[in-house]
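S.K.: Can you keep this structure in mind? I'll have questions shortly.
The values are calculated or read from the model by the stated rules, or taken from the named source; none is laboratory data. Please read all numbers here as calculations on a predicted model, not as lab measurements. Cβ atoms come from the backbone with ideal geometry, glycine included; neighbour counts cover every protein chain shown.
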């Protein structure tokens, strides 16, 4: 109940930064967790965690990672996340700063993004996407998991680096609104690149 109230207040404060009319469903959170578990990356980063619907599911993968860091720019949501997950490293920062996180230079990372990229202001989207791509660029085995509420064929963003591709993981029709989970990953050798 507390999370739903916090979500509603966050939506009222800035609907373009919340992007949905309800917190992520268990089905969506499970689909993202399943995708995270497919990776061997030792660092897990969640950006735009909101009230922690996805974070709660990702806690099941925490022990598989050396570090789990959560970025949340809304101070109210960040306080809620700190109270709800005291064992996590919660940073009250914008995702546009994710590439400044001190990490081993070659450590592969999995970034889970709940950012509403299709409804955020374009300049802000550009800054966040640039930072996420910069973080992933030189780390083999890294990837970005992003979900959207748009049509299932509409990728989260274009202009991805050469050698990377979007893979549609699944669509979750039981979410409000329905969501599609995408994974941005390096193209395996011998595979054609799809943007």
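S.K.: Run down 144, 154, 133 and say which single residue is at pLDDT below 95 and either farther than 24 Å from residue 107 by Cβ or touching a strand residue (DSSP E or B) at 6+ places or on another chain (Cβ under 9 Å) (or both). Write out each step before concluding.
M.R.: On the way: 144 fails: at pLDDT below 95; 133 fails: at pLDDT below 95.
That would be 154, the only listed residue that is at pLDDT below 95 and either farther than 24 Å from residue 107 by Cβ or touching a strand residue (DSSP E or B) at 6+ places or on another chain (Cβ under 9 Å) (or both).
S.K.: Does residue 123 satisfy being touching a strand residue (DSSP E or B) at 6+ places or on another chain (Cβ under 9 Å) and free of Cβ contacts under 8 Å to residues at least 60 places away in the same chain? Steps first, please.
M.R.: Details: touching a strand residue (DSSP E or B) at 6+ places or on another chain (Cβ under 9 Å): no; free of Cβ contacts under 8 Å to residues at least 60 places away in the same chain: yes.
So residue 123 fails the test.
S.K.: Consider residue 63 against the criteria (1) part of a helix (DSSP H, G or I); (2) in contact with a helix residue (DSSP H, G or I) (Cβ under 6 Å, 6 or more places away or on another chain): it satisfies all of them except one. Which criterion is unmet?
M.R.: (2) is the only condition that residue 63 fails.
S.K.: Right, here's the next one. Checking residue 119 against (1) buried (at least 23 other Cβ atoms within 10 Å of the Cβ); (2) at pLDDT below 90, only one condition comes out false. Which one?
M.R.: It fails just one condition, (1).
S.K.: Working only within segment 138-168, note down all residues that are buried (at least 18 other Cβ atoms within 10 Å of the Cβ) and more than 21 Å from residue 125 (Cβ to Cβ).
M.R.: 139
This table checks each residue for (1) surrounded by fewer than 20 Cβ atoms within 10 Å (Cβ to Cβ); (2) in contact with a helix residue (DSSP H, G or I) (Cβ under 9 Å, 6 or more places away or on another chain); (3) at pLDDT 95 or above; (4) assigned to a helix (DSSP H, G or I).
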{"residue": "28", "(1), (2), (3), (4)": "no, yes, yes, yes"}
{"residue": "45", "(1), (2), (3), (4)": "no, yes, yes, no"}
{"residue": "49", "(1), (2), (3), (4)": "no, yes, yes, no"}
{"residue": "56", "(1), (2), (3), (4)": "yes, yes, yes, yes"}
{"residue": "78", "(1), (2), (3), (4)": "yes, no, yes, yes"}
{"residue": "86", "(1), (2), (3), (4)": "yes, no, yes, no"}
{"residue": "90", "(1), (2), (3), (4)": "no, yes, yes, no"}
